[in-house]
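Below is one structure, written out as structure tokens; the observations come after it.
The values are calculated or read from the model by the stated rules, or taken from the named source; none is laboratory data. This is a predicted model, so every value here is computed, not measured. Backbone-built Cβ (ideal geometry, glycine too); neighbour counts: all protein chains shown.
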Amino acid sequence: MAWVVLVVSGVLEAVWALALGRSEGFSRPVPTVVFGIALVASMAGLATAMRTLPGGTSYAVWVGIGAALTVTWSMVTGDETAGVVKVLLLLGLVGCVVGLKLAH
């Protein structure tokens, strides 16, 4: 169950990171509220997962999921350019996250 909570928390990390960018310095209310809710929920989930999973592994998986989803979403929406090297590096990042799970 801790792994499910950790994965959901990683997804929420991407949500708050994207909302932060759209908040324009906390001047737009809706993205600012989404940022705050997602941030608190993501941190609470990470803290919950860290009760049973090793801290280093939990943090690395949380950051890896959040980073991969944030960059992927940005490439899909056109906010960031996509390229073969970026896609290969993202796949490597996802592979490392999966590897940490399998090594646990």
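Some observations on this one:
Results for (1) surrounded by 15 or more Cβ atoms within 10 Å (Cβ to Cβ); (2) of a type in the set (K, R); (3) within 13 Å of the chain's Cα centre (by Cα), shown as yes or no for each residue.
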residue	(1), (2), (3)
M1	no, no, no
S23	yes, no, no
P29	no, no, no
V34	yes, no, no
A44	no, no, no
A47	no, no, no
T52	no, no, no
G56	no, no, no
Y59	yes, no, yes
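- None of V34, V85, V4 is of a type in the set (V, I, T) and closer than 29 Å to H104 by Cβ except V4.
- Applying the criterion of being among the hydroxyl-bearing types (S, T, Y) and in a loop (DSSP other than H, G, I, E, B) to the residues of the stretch 50-104, the residue that is nearest to G21 (Cα to Cα) is T81.
- For the stretch 1-34, the tally of residues that are over 30 Å from T57 (Cα atoms) and among the polar types (S, T, N, Q) stands at 2.
- Per the listing W3, W62, W73, W16, the residue uniquely touching a residue at least 60 places away in the same chain (Cβ under 8 Å) and of a type outside the set (K, R) is W3.
- Only listed residue being surrounded by 18 or more Cβ atoms within 10 Å (Cβ to Cβ), modelled with pLDDT of 95 or more and farther than 22 Å from C96 by Cβ, chosen from A38, A17: A38
- Only one entry of G99, G56, G45 meets the criterion of being at pLDDT below 95 and either under 15 Å from A2 (Cα atoms) or not small (G, A, S) (or both), and that entry is G56.
- Residues that are surrounded by 17 or more Cβ atoms within 10 Å (Cβ to Cβ) and over 16 Å from V15 (Cα atoms), drawn from the stretch 61-92: L90
- The number of residues in the stretch 1-47 that are among the basic types (K, R) and more than 20 Å from V71 (Cα to Cα) comes to 1.
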